[in-house]
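Right, one structure below, let's go through it.
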Amino acid sequence: SRPHLEKIGTTIFTVMSKLAADCGAINLAQGFPDFQAEPALFDAAHRAMLAGRNQYPPMTGMPELRRAIADKVATLYGTQLDADAEITVTAGATQAIFTAIAAFVGAGDEVIVFEPVYDSYAPAIETVGGKVVYAQLAAPDFRPDWAQVAALITPRTRLLIINSPHNPSGALLDAADLDALAALLRGSGIVVLADEVYEHMVYGGARHASVVAHRELAARSVVVSSFGKTYHITGWKIGYVLAPPALTRDFRKIHQFNVFTVNTPCQLAIAEYMQDHSRHLGLAAFYEAKRDFFRAQLAASRFELLPCRGSYFQLARYDAISDLPDDEFAIWLTREAGVAAIPLSAFYSAGNVPAARAARIVRFCFAKQEATLAAAGERLRRL
Ligand code: PMP
Ligand code: GLN
């Protein structure tokens, strides 16, 4: 097989969900809700199916859905996008990210990412022959150091990937970060891929600093979001990409031969459901309550909680509980304590895995019913 495939193992999310199922453990590892979305969403999908809306949609996505996305973006971020030329519906954020990388990165091109890094970026970059260049985010705040990023830029840099709210740390980029990034890239041809799948999950009254709202940065950016996160339907695998017309044209060149298009009735259902903006605007308060509930569960435990400003993930240090490196601890925790978590080292490149394992931090997902979080809390407090 091609040499880069040797480096690609099985994603940690598959590994930990299987182990959790095998052990009958509470799964706070892979990020997905354990509760249902509202029936109105399923009614809308059912009606679309019965109405015969079951054939291929346009390659770019259903016009109804693209208009609904444009409407949301205008309301939330004050930017009026052209639904035909600047919005593309994708099979979740994962496909959007892979397709964007395939569209913008060629053999030998460099892509800057921030470590800890979401697990799909590096394999995608290396699959198309690109080279991954890592900037570091350090615990507990996981803040980017823009001077460090500046030093990593070379004439081969083609793409820079940001992710806010950040998986796995829950850190946020603020407006000043976007200004710093815009200044850094001024005059270059570097494209920004902004992974904003957790855009509606920001806490403490913070506002999500979307790249879409940043005029200068938006002009060179591809912004990715996911309805799976926003409407509690990770299994529907529908998301979207926002990008200026020229970048959208390039994105669609690959998109049309990658998936061509995505599930018609589900697109129509989401288009109808999202007209009521309270459904995504309510998400911050909804998940902030879950974050606070989960943190309260662990307050009397020996876990040390790191800050969480966004996303539905909580990092926790366990050095008062165990000397095991994080991957072994995550397996032990699943088997012996009955709670599955993700080792933070899963989000690091090979050279940095030893230090990450020794940092002894795991990630819990709190997108769960209170009863689930309470049951997990009880088990975790015994350690
Ligand atoms: N990016 C990040 C940061 C994520 O956390 C996830 C999902 N966990 C994705 C992309 C993929 O989203 P989707 O399920 O829509 O493919
Ligand atoms: N993004 C989710 C997480 O971080 C998992 C997505 C997946 O399973 N590929 O847990």
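No lab work stands behind these numbers, since they all come straight from the coordinates. In this text the structure is predicted, and so the values were computed from the model without any measurement. FYI the Cβ positions are ideal-geometry reconstructions off the backbone, even for glycines, and counts take in every protein chain you see.
Some notes on this structure:
- Projected label distance in nm at Asp43 and Lys18, using a 7 Å step from Cα toward the beta-carbon: 4.1 nm
- Approximate spin-label separation Arg67-Lys131, in nm, with each point projected 7 Å along Cα-to-Cβ: 4.8 nm
- Structure note, pairs Lys229/Lys290; Lys237/Lys368; Lys7/Lys253; Lys7/Lys131: Cα-Cα distances above 25 angstrom occur for Lys7/Lys253.
- For Gln256 and Glu6, the FRET efficiency from 1/(1 + (r/R0)^6), where r spans their Cβ atoms and R0 equals 25 Å, is about 0.20.
- Highest-first arrangement of 101-112, 233-244, 7-18, 72-83, where packing means the average Cβ count within 10 Å: 233-244, 101-112, 72-83, 7-18
- Stretching Ala74 away from Ala175 to a fully extended chain increases their span by 34.6 nm, per 0.36 nm per residue minus the current alpha-carbon distance.
- In this simple spin-label model, placing a label point 7 Å from the Cα along the Cα-to-Cβ direction at both Ala183 and Asp319 gives a separation of 3.4 nm.
- Ellipticity estimate at 222 nm from DSSP helix runs (n ≥ 4, -39,500 (n - 2.57)) divided over the chain, nearest 500: -12000 deg cm²/dmol
- Protection proxy ranking for 312-320, 200-208, using the average of other Cβ atoms within 10 Å per residue and placing the highest first: 312-320, 200-208.
- In range of the label at Ala285: residues from segment 201-237 whose backbone nitrogen is under 16 Å from the point 7 Å along Cα→Cβ: 201-207
- Placing +1 on the Cβ of every Lys and Arg and -1 on the Cβ of every Asp and Glu, with no other charges, gives the chain a dipole of roughly 280 debye about its Cα centre.
- The translational diffusion coefficient of segment 39-277, from Stokes-Einstein at 37 °C and 0.692 mPa s with a Kirkwood hydrodynamic radius over alpha carbon pairs, comes to 181 µm²/s.
- Among the trypsin sites (Lys or Arg not before Pro) within segment 350-383, those in coil by DSSP and having at most 14 neighbouring Cβ atoms inside 10 Å are Arg382.
- Computed about its Cα centre, the charge dipole of segment 266-383 is approximately 180 debye, with only Lys, Arg, Asp and Glu carrying charge at their Cβ.
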